[in-house]
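**Q** Structure below; questions to follow.
The values are calculated or read from the model by the stated rules, or taken from the named source; none is laboratory data. Note that the coordinates shown come from a computational prediction; the quantities given were computed from them, not determined experimentally. Counting neighbours? That spans all protein chains shown, and the Cβs are built from the backbone with ideal geometry, glycine included.
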Amino acid sequence: MKTVLITGTSSGYGLETARYFHAQGWKVIATMRRPQPDLLPQSERLTVLPLDVTDPDSIETCLAAAGPIDVLVNNAGIGMVGAFEASPMAQVRRLFETNTLAVMAMTQAVLPLMRQQRGGVIVNVTSSVVLAPSPFAAAYTATKTAIEGFSRALARELVAFDIGIKLVEPGYAPTTRFGANTELPIEDLIPPAYADFARPIFEAFATPSVTTREIDVAEAVWRAANDTSGQQRFPAGPDAVALWEASR
């Protein structure tokens with residue numbers, strides 16, 4: 001029986017991915033800052049562990065409790081939407097700490113284990129913002145683009161150890177808690193000078209013609225974790241797939 005460890009499983013993509021892998025018969029280590037075991041099925045194959053991906057001690061404790069894993073899914077992250085001019089640099093740094101450096105830290109922490117067992121897969125969840133420029137998401141896009149470059153380069157380092165690095169690129173998912181995870185109200189990050197330009201953009205986001213569902217992402221993560229074709233990038237959701245095809 002294979003084991004997957006998933007970060008950020010308290011809601012959205014992470015929660016759905018944990019449920020999906022469990023339904024496929026895998027052992028699931030579901031991690032979240034504040035464990036809520038009632039969110040997931042009661043099962044001998046499912047363990048909920050506390051994890052703050054920005055805290056090295058928390059990472060070490062979590063991995064020690066988890067034991068050997070076959071797949072790591074780096075899903076935890078936060079968002080920020082607004083004009084870059086108005087974005088506090090303290091929050092930009094926090095964005096990079098969570099979305100970029102924490103992914104690197106989790107990856108670095110599991111590599112010795114996967115190298116010793118001569119195999120494993122790391123799936124990094126980024127975003128479709130890496131496929132097409134998105135106004136009012138400059139800092140967020142930078143954090144995800146950094147992980148794309150990191151993953152592509154790292155994959156070359158790990159071929160000899162049979163460790164795969166995969167990328168899942170979700171589209172726009174209005175049913176997730178992305179808005180709640182931005183921490184700063186969007187209206188505070190749109191100065192008056194940007195208001196006229198921003199209005200139609202946000203109106204379009206309020207009534208999207210095509211969106212991504214949580215299950216779209218869970219299925220893409222599953223495909224990435226089990227892929228043997230050498231494919232590295234997996235767009236998730238019809239909007240992301242359309243952007244991916246247009247960018248090829």
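**Q** When the residues of the stretch 155-203 are narrowed to those that are in a helix (DSSP H, G or I) and at pLDDT below 90, which ends up nearest to the chain's Cα centre (by Cα)?
**A** N181
**Q** Within the stretch 189-248, can you find the residues that are over 28 Å from Q91 (Cα atoms), of a type in the set (F, W, Y) and either exposed (fewer than 14 other Cβ atoms within 10 Å of the Cβ) or in contact with a Lys or Arg (Cβ under 8 Å, 6 or more places away or on another chain) (or both)?
**A** F234, W244, listed by residue number.
**Q** Is at least one residue of the stretch 144-151 surrounded by 15 or more Cβ atoms within 10 Å (Cβ to Cβ) and farther than 19 Å from G79 by Cα?
**A** yes
**Q** Count, please, the residues in the stretch 218-243 that happen to be β-branched (V, I, T) and under 28 Å from F84 (Cα atoms).
**A** Going through the stretch 218-243, the residues β-branched (V, I, T) turn out to be 221, 228, 241.
If we keep only those that are under 28 Å from F84 (Cα atoms) too, we end up with 241.
Within the stretch 218-243, residues that are β-branched (V, I, T) and under 28 Å from F84 (Cα atoms) number 1.
**Q** Sticking with this structure for a sec: Looking at G77, G82, which is the one that is in contact (Cβ under 8 Å) with a residue 60 or more places away in the chain, crowded, with 18+ Cβ neighbours inside 10 Å, farther than 23 Å from A218 by Cβ and in contact with a helix residue (DSSP H, G or I) (Cβ under 6 Å, 6 or more places away or on another chain)?
**A** G82
**Q** Among (1) crowded, with 19+ Cβ neighbours inside 10 Å; (2) assigned to a loop (DSSP other than H, G, I, E, B), where does P35 come up short?
**A** Of (1) crowded, with 19+ Cβ neighbours inside 10 Å; (2) assigned to a loop (DSSP other than H, G, I, E, B), only one is false for P35: (1).
**Q** Tell me, which residue of the stretch 136-147 that is in contact (Cβ under 8 Å) with a residue 24 or more places away in the chain, assigned to a helix (DSSP H, G or I) and not aliphatic (A, V, I, L, M) is nearest to E203 (Cα to Cα)? Even if it seems obvious, please write down each step before you answer.
**A** Start the filter on the stretch 136-147 by keeping residues that are in contact (Cβ under 8 Å) with a residue 24 or more places away in the chain, which leaves 136-140, 142-144, 146-147.
Now narrow it down to the ones that are assigned to a helix (DSSP H, G or I): 138-140, 142-144, 146-147.
From the residues that got through so far, the ones that are not aliphatic (A, V, I, L, M) too are 140, 143-144.
Values: Y140: 20, T143: 25, K144: 24 Å.
Filtering first and then ranking leaves Y140.
**Q** I'm trying to understand the selection: among the residues of the stretch 204-244, which are part of a loop (DSSP other than H, G, I, E, B), closer than 17 Å to S127 by Cβ and not polar (S, T, N, Q)?
**A** P208, V210, R213, G237
**Q** Residues being hydrophobic (A, V, I, L, M, F, W, C), at pLDDT 95 or above and not in a helix (DSSP H, G or I): count how many of those fall in the stretch 1-32.
**A** Final tally of qualifying residues: 8.
**Q** Scan the stretch 41-52 and tell me whether some residue there is part of a helix (DSSP H, G or I) and under 21 Å from N226 (Cα atoms).
**A** no
**Q** Scan the stretch 85-116 residue by residue and report those that are surrounded by 18 or more Cβ atoms within 10 Å (Cβ to Cβ) and not hydrophobic (A, V, I, L, M, F, W, C).
**A** Within the stretch 85-116, S87, T98, N99, T100, T107 qualify.
**Q** Determine the pairs where a residue that is closer than 15 Å to V103 by Cβ, located within the stretch 1-26, has a partner that is among the hydroxyl-bearing types (S, T, Y) and surrounded by fewer than 24 Cβ atoms within 10 Å (Cβ to Cβ) with Cβ atoms under 8 Å apart, the partner being 6 or more residues away or on another chain.
**A** Final answer for the pair search is Y13/T176.
**Q** A further question follows. Look at G77 and say whether it is in a loop (DSSP other than H, G, I, E, B) and within 30 Å of P200 (Cβ to Cβ). Please lay out each step first, then the result.
**A** Values: in a loop (DSSP other than H, G, I, E, B): yes; within 30 Å of P200 (Cβ to Cβ): yes.
Yes.
**Q** Kindly check whether there is at least one residue in the stretch 115-135 that is charged (D, E, K, R), touching a residue at least 40 places away in the same chain (Cβ under 8 Å) and not in a loop (DSSP other than H, G, I, E, B).
**A** Yes - at least one qualifying residue is present in the stretch 115-135.
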